[in-house]
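Undergrad: Input: one structure, supplied below.
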Amino acid sequence: MNTGLQLRSLITKSGELELSLARIEIPEPGPDQVVVRVEATPINPSDLGLLLGPADMSAATTSGSGESTVVKAKVSPAALPFLAARLDQSMAVGNEGAGTVVKAGSSDAAQALMGKIVSAVGGSMYSQYRILNARDCQPLPAGTTAAEGASWFVNPLTALGMTETMKREGHKALVHTAAASNLGQMLNKICNEDGIGLVNIVRSPAQAKILKDIGAKHIVDSSAASFQDDLVQALVETGATIAFDAIGGGKLASQILTAMEIALNKTAKEYSRYGSTTHKQVYIYGSLNTGAVELTRNYGMAWGVGGWLLTPFLQKIGRQGQGPLRERVVNSLKTTFASHYTKTISLPEALDLANIAVYNKRATGEKYLINPNKG
C-alpha cells in the first residue's frame, strides 16, 4: 500500500481536457491523520464541473487501456478565460466518499477510527487511498456499508440546508426543481417528516411517478400544457415563497416567480401597484441547463434570484449549527438519506467513453458510483 491510483483532470492552455490515472505515493499518516481505503465515491453534478469542465465530450477520444487509459476532449477557446486558475494543472477529483481506515496516526482520535468504515469529504476521493484528518471522517453506524455511506454529505446536507435556509429566511414552504433526483427524494422525505409544504417540479410523467410512489404531495410536470396553472394551484395550497432550482438556465426561475406572484395575489386583501409585498426568492444551486437565466419581470418588486451553494451555507451556520444536521444524516442513512445507484464502476471504467456518456447526462435515475478498489 505504498502507492495507489488517483483519477486526474487537466485542462491545458491550448484548450484540451485530459483525463488520466496517476499512481501516487501514500504517505505515512501524521498523529491526527488516517489513511482510508476508498471503497465508494459518487459521481455528483458538482464533481462533473471539475472532472469534465466545459469540454465537448461528444467528440472525445481515448487511448491506452486499464491504468494507462487517457481521455482527451476539446474545450472552447471562449471558456478558457473562466478557467485561468486551473489551466495546465493536473487536479484530483471527487468531493465525498467512504471506505475503511487501514492506517492511523498516534492520536487518540485517529486510533479510535482504525479498522472502521468512515465517510469523508474533502476532495480527491476518486483515489484508491486517501489520507485525511481524523476530524474530517464520520464513523458510520455498525452494519452500514461504504456504498450506503458514500453520499452522506453533499445531497443530504444540501437537502437539509434548503429547509434550514427556508426557516432562517422566514418562509413556510418551498419549491424544488428537477425534483425526482436522489436529492429531491431526500427532500420529500425530510418535508414529510417535518410537516413542511413542498412543491416538486419535474420534467416528465415518469419522474412524477417516482415522487408519487414515495408519498410526495404536490407534483407539477413542466412538460404539461397546464404547467403554469398547476404550479399556481400548488403554490396557493402550500404558500411556498422560496425555490431551489437545479436547472439554472432558461425561463424556469422566472416562471416560478410569476406563479408565486399570481398565487399571492389570489389571497391579497388589497391591491398594490408595485405587486405583492411578500418577498419571493429563487436560489439557483445547479446548472443542468448551462444557458442564460431569462427573467421576465412581471412579479412586482419584492423578489430575488441568487446562487446557493452548500459550503458557504455550512460556513455561515458554523460547526454548532451543522451538528444537528450531521447527526440527523448519520442516524437516517438507510432511510431518509438513502441513495440509489445505477452502476458501480472502477477507476479505469470511469474513463470509458460509454460510461462518461451516461453519467455526464446527469439524468434522473442514472447515478454512478465509483469503487476505486474494484478489481
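Undergrad: Residue 129 fails exactly one of the following numbered conditions: (1) surrounded by fewer than 19 Cβ atoms within 10 Å (Cβ to Cβ); (2) over 19 Å from the mean Cα position of the chain (by Cα). What is the number of that condition?
TA: All conditions are met except number (1).
Undergrad: Being assigned to a strand (DSSP E or B), farther than 21 Å from residue 20 by Cα and open to solvent by less than 50 Å² (accessible area, probe 1.4 Å) is the filter here; which residues of segment 70-108 pass it? It would help to see each step written out before you state the result.
TA: So in segment 70-108, the residues assigned to a strand (DSSP E or B) come out as 70-74, 87, 91-92, 96-104.
Filter once more, keeping what is farther than 21 Å from residue 20 by Cα: 98-104.
Of everything in segment 70-108, those that are assigned to a strand (DSSP E or B), farther than 21 Å from residue 20 by Cα and open to solvent by less than 50 Å² (accessible area, probe 1.4 Å) turn out to be 98, 99, 100, 101, 102, 104.
Undergrad: If residue 215 satisfies every condition in (1) surrounded by fewer than 16 Cβ atoms within 10 Å (Cβ to Cβ); (2) touching a residue at least 60 places away in the same chain (Cβ under 8 Å) but one, which is the exception?
TA: With (1) surrounded by fewer than 16 Cβ atoms within 10 Å (Cβ to Cβ); (2) touching a residue at least 60 places away in the same chain (Cβ under 8 Å) applied to residue 215, the lone miss is (2).
Undergrad: Another question, if that's okay. Among the candidates 164, 169, 193, which residue alone is of a type in the set (Asp, Glu) and under 20 Å from the mean Cα position of the chain (by Cα)?
TA: Working: 169 fails: under 20 Å from the mean Cα position of the chain (by Cα); 193 fails: under 20 Å from the mean Cα position of the chain (by Cα).
Criteria check complete, one pass: 164.
Undergrad: For segment 196-236, which residues satisfy the criterion of being more than 24 Å from residue 290 (Cβ to Cβ), hydrophobic (A, V, I, L, M, F, W, C), assigned to a helix (DSSP H, G or I) and under 23 Å from the mean Cα position of the chain (by Cα)?
TA: The answer is 208, 210, 211.
Undergrad: So, one more: Are any residues in segment 24-54 open to solvent by 30 Å² or more (accessible area, probe 1.4 Å), in a strand (DSSP E or B) and over 16 Å from residue 350 (Cα atoms), and if so, which ones?
TA: Step one: of segment 24-54, the residues open to solvent by 30 Å² or more (accessible area, probe 1.4 Å) are 24-25, 27-28, 31-33, 37, 39, 45-46, 49-50, 54.
Next, from what is left, pick out any that are in a strand (DSSP E or B): 24-25, 33, 37, 39.
24, 25, 33, 37 - these are the residues of segment 24-54 that are open to solvent by 30 Å² or more (accessible area, probe 1.4 Å), in a strand (DSSP E or B) and over 16 Å from residue 350 (Cα atoms).
Undergrad: Let me spell it out: the conditions are (1) at pLDDT 95 or above; (2) open to solvent by 60 Å² or more (accessible area, probe 1.4 Å); (3) among the hydroxyl-bearing types (Ser, Thr, Tyr); (4) not in a loop (DSSP other than H, G, I, E, B), and residue 14 meets all of them except one. Which number is the exception?
TA: Unmet condition: (4).
Undergrad: Regarding segment 135-145, can at least one residue be identified that is buried (at least 21 other Cβ atoms within 10 Å of the Cβ), touching a strand residue (DSSP E or B) at 6+ places or on another chain (Cβ under 7 Å) and farther than 19 Å from residue 336 by Cβ?
TA: Within segment 135-145, one or more residues are buried (at least 21 other Cβ atoms within 10 Å of the Cβ), touching a strand residue (DSSP E or B) at 6+ places or on another chain (Cβ under 7 Å) and farther than 19 Å from residue 336 by Cβ.
Undergrad: Given the criteria farther than 18 Å from residue 166 by Cβ and of a type outside the set (Val, Ile, Thr), does residue 288 qualify?
TA: Numbers: farther than 18 Å from residue 166 by Cβ: yes; of a type outside the set (Val, Ile, Thr): yes.
For residue 288, the condition - farther than 18 Å from residue 166 by Cβ and of a type outside the set (Val, Ile, Thr) - is met.
Undergrad: List the residue pairs whose Cβ atoms are under 6 Å apart, where the first residue sits in segment 54-81 and is in contact (Cβ under 8 Å) with a residue 12 or more places away in the chain, the second is acidic (Asp, Glu) and open to solvent by 60 Å² or more (accessible area, probe 1.4 Å), and the two are 6 or more positions apart or on different chains.
TA: 73/56; 74/56
Undergrad: Name the strands (runs of 3 or more DSSP E) wholly within segment 237-349 that hold at least 3 residues that are at pLDDT 95 or above and surrounded by 21 or more Cβ atoms within 10 Å (Cβ to Cβ)? Explain how you work it out, then say what you get.
TA: Working: elements: 242-245, 248-250, 280-284, 289-293, 303-307, 343-345.
Correct list: 242-245, 280-284.
Undergrad: Test residue 195 against the criterion of being closer than 23 Å to residue 318 by Cα, out of contact with any Leu (no Cβ under 8 Å at 6 or more places or on another chain) and not acidic (Asp, Glu), and give yes or no. Talk me through it step by step, then tell me what you get.
TA: Numbers: closer than 23 Å to residue 318 by Cα: no; out of contact with any Leu (no Cβ under 8 Å at 6 or more places or on another chain): yes; not acidic (Asp, Glu): yes.
Answer is no for this residue.
The values are calculated or read from the model by the stated rules, or taken from the named source; none is laboratory data. Quantities reported herein were computed from a predicted structural model and do not represent experimental measurements. Every residue, glycine among them, receives a Cβ derived from its backbone with ideal geometry; neighbour counts consider all protein chains shown. Side chains are part of the model used for accessible areas, which takes the heavy atoms of the whole protein and leaves out ligands, DNA and RNA. Shrake-Rupley method; radii C 1.70, N 1.55, O 1.52, S 1.80 Å.
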